[in-house]
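K.L.:
Here you go, one structure.
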Amino acid sequence: MSIEYASQRSYLDDLFQVYPTIPDGIREFNSELWRTIEKAFGEKDNTALLKNLVKLDKIFARYSEPKETNRQIGPLFKRWLNNKSLGIQPVKLKQFLATKENAVLDASDAQLMTFVREHLNYKHNKGLDFVGRFNGKYVIGEARFLTDFGGHQNAQFNDATNHKGTKNVKAEKIIILDGYLCSLDYSKMYERFSEVYKDYNVMSILILRTYLYQL
């Protein structure tokens, strides 16, 4: 579903509503290049598709500021949650524990870690961006927006998918990933996203709500 969503022309516009720090120029694709990509995709001309996706990626990369963008993802993700984007208002720990209804925990990074260690057998040292409960199941996860591949971005991806210490955690583990890896299917990271990690709950933030309510 994430990959299908990322193939739509509205993907970056919709993502911009979540992460407005994405440089605005990224959303202004060269219309002629985009038509060429659509034509190659429709004709299943993989050679032409690959060639033009590479061109598109270079345009994308020129406007990218990976380190700055990733530093801001956490607060933007929490703001998105607090806007009731999942259909419910995140609640503080006392209220979260007082009910078994669907809920998202509104807490600091340290408080999230304390909760998952004490209640969900989470033993990893890595912090989390999301703790929730839907249809009686706890859900924990991280949010990442990757603007390019190589170096810092690969480290971000590897960090998100490293779940050492969470083997017996009492929750569904999710990785919320967005950016170029959802749509540029020639990249090595895309292959890892769609093949090596196919058994993980990996998804775009734009379908997170759909996932949570069908648990």
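Bear in mind these aren't lab numbers, they're just calculated from the coordinates by the rules spelled out. It should be emphasised that the depicted structure is a prediction, and the values quoted were computed from it without experimental measurement. Positions of Cβ are generated from backbone atoms using ideal geometry, with glycine treated the same way; all protein chains shown enter the neighbour counts.
K.L.:
Too long at a 30 Å Cα-Cα cut-off: which of Lys78/Lys170; Lys44/Lys137; Lys84/Lys170; Lys44/Lys78; Lys44/Lys84?
P.N.:
Lys44/Lys137; Lys44/Lys78; Lys44/Lys84
K.L.:
In addition: Give me the distance in nm between label points sitting 7 Å out from Cα along the Cα-to-Cβ direction at Glu38 and Gln8, one decimal.
P.N.:
My value for the distance between the label points is 1.5 nm.
K.L.:
What does the extension gain come out to for Asn46 and Thr210, with contour length at 0.36 nm per residue minus their alpha carbon separation?
P.N.:
55.9 nm
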